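**Q** Pasting a structure below so you can have a look.
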Amino acid sequence: MYIIVDDRESVANSYVGGLVREGVSSIGFSSGEFWDWLQSASESDLAAVDAFILGDCDARGSLPRAMRKRSSAPIIAVSGQKMLKNTLELFESGVDDVVHVPVHLREILARTAAIARRRVGELPRPCETRIQVFFNGRDPEIAGHALTLPRRELRILEYMVSNHGKWITKTQIFNAVYGIFESTFDESVIESHVSKLRKKLRDRLGFDAIVARRYVGYRLDIPAGETLDEPMQELDEVGILLNRAHAVSAAYPAGN
């Protein structure tokens, strides 16, 4: 889940709408609303946050350090002022990256994935030798061939790859896919999504990559010996290639 903090309601709503179209759950807050939420949020709610997008707000200089005290999720500042002084001030405030509008949301997703990847180390996890997941809306690849997935199944696969080898509960997956503020759907919908994803992976891999255990949850489990001939591209490089291949003038917030 992405959290957008911007005192301009229309701008925050534009980012939320754009992220939802990319299959990523998100919610927008004004800086005041976000302060209140940050102080009272539970550890499980904070664990569901993939990244914070920090827009234009009065407290932008102090918010990043407050965020970091409670969460290790990447903090991306979006700035409309492409000036060195402004950029340096944002980095000094504690953000992980600064992007300047216009910017496509897929670039923000790729940057977020690159930051998260660097934090856990550059060595690929065992599953990445068979499944390439790009964390930016692009279809994953298995053995070099694209696997087209509905957006929610893709989001589940991304979350499982990020937690490869760990047991994750249905609630954790639901929060990652639908967001912690979703009340329209019931958690049981995850069972259907995982079942369909599990079958597609089994058909392509030849074995069950997703292990399910009642009352425990799900685990993505791919043996380390299951390797490809060609190594996975670094996410930083993938992001650069995507930006070149998908050069679009439309930016958020300014339509699709």
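The values are calculated or read from the model by the stated rules, or taken from the named source; none is laboratory data. Quick caveat: nothing in here was measured; it's all calculated off a predicted structure. As a convention, Cβ positions derive from the backbone with ideal geometry for all residues, glycine included, and neighbour counts pool all protein chains shown. With ligands, DNA and RNA removed, areas are computed over all heavy atoms of the protein, side chains included. Shrake-Rupley method; radii C 1.70, N 1.55, O 1.52, S 1.80 Å.
**Q** If I go through the stretch 14-51 residue by residue, how many of them are without any contact (Cβ under 8 Å) to a residue 40 or more places away in the chain and either in a helix (DSSP H, G or I) or not assigned by the TED database to the domain that holds residue 109 (or both)?
**A** So the count comes out to 15.
**Q** When the stretch 1-37 is examined, which residues are found to be among the polar types (S, T, N, Q) and at pLDDT 90 or above?
**A** Passing the criteria: 10, 13, 14, 30, 31.
**Q** Moving to a separate point now. Would you tally the residues in the stretch 172-183 being assigned to a helix (DSSP H, G or I) and open to solvent by 60 Å² or more (accessible area, probe 1.4 Å)?
**A** Looking only at that region, the number is 1.
**Q** Is it the case that residue 198 is in contact with a strand residue (DSSP E or B) (Cβ under 6 Å, 6 or more places away or on another chain), in contact (Cβ under 8 Å) with a residue 60 or more places away in the chain, more than 21 Å from residue 109 (Cα to Cα) and open to solvent by 20 Å² or more (accessible area, probe 1.4 Å)?
**A** Spelling it out, it is not the case that residue 198 is in contact with a strand residue (DSSP E or B) (Cβ under 6 Å, 6 or more places away or on another chain), in contact (Cβ under 8 Å) with a residue 60 or more places away in the chain, more than 21 Å from residue 109 (Cα to Cα) and open to solvent by 20 Å² or more (accessible area, probe 1.4 Å).
**Q** All but one of (1) open to solvent by 60 Å² or more (accessible area, probe 1.4 Å); (2) modelled with pLDDT under 90; (3) not hydrophobic (A, V, I, L, M, F, W, C) hold for residue 148; which doesn't?
**A** In the conditions (1) open to solvent by 60 Å² or more (accessible area, probe 1.4 Å); (2) modelled with pLDDT under 90; (3) not hydrophobic (A, V, I, L, M, F, W, C), residue 148 misses (2) alone.
**Q** Suppose we filter the stretch 63-72 for residues that are surrounded by fewer than 19 Cβ atoms within 10 Å (Cβ to Cβ) and in a loop (DSSP other than H, G, I, E, B); how many remain?
**A** Residues in the stretch 63-72 being surrounded by fewer than 19 Cβ atoms within 10 Å (Cβ to Cβ) and in a loop (DSSP other than H, G, I, E, B): 1 in total.
**Q** Would you mind finding the one in 36, 50 that is acidic (Asp, Glu) and over 24 Å from residue 151 (Cβ atoms)?
**A** After applying the criteria, what remains is 36.
**Q** Restricting attention to the stretch 153-171, which residues are under 19 Å from residue 47 (Cα atoms) and under 14 Å from the mean Cα position of the chain (by Cα)?
**A** Taking the stretch 153-171 and keeping what is under 19 Å from residue 47 (Cα atoms), we get 155-171.
Of everything in the stretch 153-171, those that are under 19 Å from residue 47 (Cα atoms) and under 14 Å from the mean Cα position of the chain (by Cα) turn out to be 155, 156, 157, 158, 159, 160, 161, 162, 163.
Matching residues to (1) open to solvent by 20 Å² or more (accessible area, probe 1.4 Å); (2) of a type in the set (Asp, Glu); (3) not in a loop (DSSP other than H, G, I, E, B):
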| residue | (1), (2), (3) |
| --- | --- |
| 3 | no, no, yes |
| 10 | yes, no, yes |
| 53 | no, no, yes |
| 61 | yes, no, no |
| 109 | no, no, yes |
